[in-house]
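Engineer: Structure incoming, see below.
The values are calculated or read from the model by the stated rules, or taken from the named source; none is laboratory data. Here the structure is a predicted model, which is why all the values come from computation and not from measurement. Positions of Cβ are backbone-derived with ideal geometry, glycine not excepted, and every protein chain shown enters the neighbour counts. Accessible surface is based on the protein model in full, side chains and every heavy atom, while ligands, DNA and RNA are left aside. Shrake-Rupley method; radii C 1.70, N 1.55, O 1.52, S 1.80 Å.
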Amino acid sequence: MAKDRRYITVKNLISAGYIKAFREIFDTLPKSVLAKDMGFSNTRMTELMDNVHRFRMEEIFKIAALIEVDEKVMVDLIYNQYAADKKVKRRK
């Protein structure tokens, strides 16, 4: 099965610095595509998007492999999302 061409677009956007947080990936790549490639249901993917601290390292590394970026880059994107979500929750 051929990999979705939007993974390449996401990789290029990350490399160029346009994507700074995990959730921004889904402006280009549909959540359902990543969920299917990860073996998740859409419900589980939505849960992880809303609570990125629940990702397991194995899952983070698999996403990095699908996008073809370094694992640390993906960890940083998820951390940036976690920090942004934390700020929003404090304001409420």
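Engineer: Where in the range 1-57 are there helices (runs of 4 or more DSSP H), lying fully within it, with 2 or more residues that are open to solvent by 80 Å² or more (accessible area, probe 1.4 Å)?
Structural biologist: Details: elements: 6-15, 31-38, 42-50.
Those helices (runs of 4 or more DSSP H) span 6-15, 42-50.
Engineer: In the range 68-82, what count of residues is obtained for those that are in a helix (DSSP H, G or I) and open to solvent by less than 30 Å² (accessible area, probe 1.4 Å)?
Structural biologist: Count: 4.
Engineer: Name the pairs whose Cβ atoms lie under 9 Å apart, with the first residue in the range 9-34 and free of Cβ contacts under 8 Å to residues at least 40 places away in the same chain and of a type in the set (Val, Ile, Thr), the second open to solvent by less than 20 Å² (accessible area, probe 1.4 Å) and part of a helix (DSSP H, G or I), and 6 or more positions between them or separate chains?
Structural biologist: Close Cβ pairs (under 9 Å, with a partner that is open to solvent by less than 20 Å² (accessible area, probe 1.4 Å) and part of a helix (DSSP H, G or I)) amount to 28/10; 33/7.
Engineer: Does residue 65 meet the test of being within 19 Å of residue 7 (Cβ to Cβ) and either touching a residue at least 24 places away in the same chain (Cβ under 8 Å) or surrounded by fewer than 16 Cβ atoms within 10 Å (Cβ to Cβ) (or both)?
Structural biologist: yes
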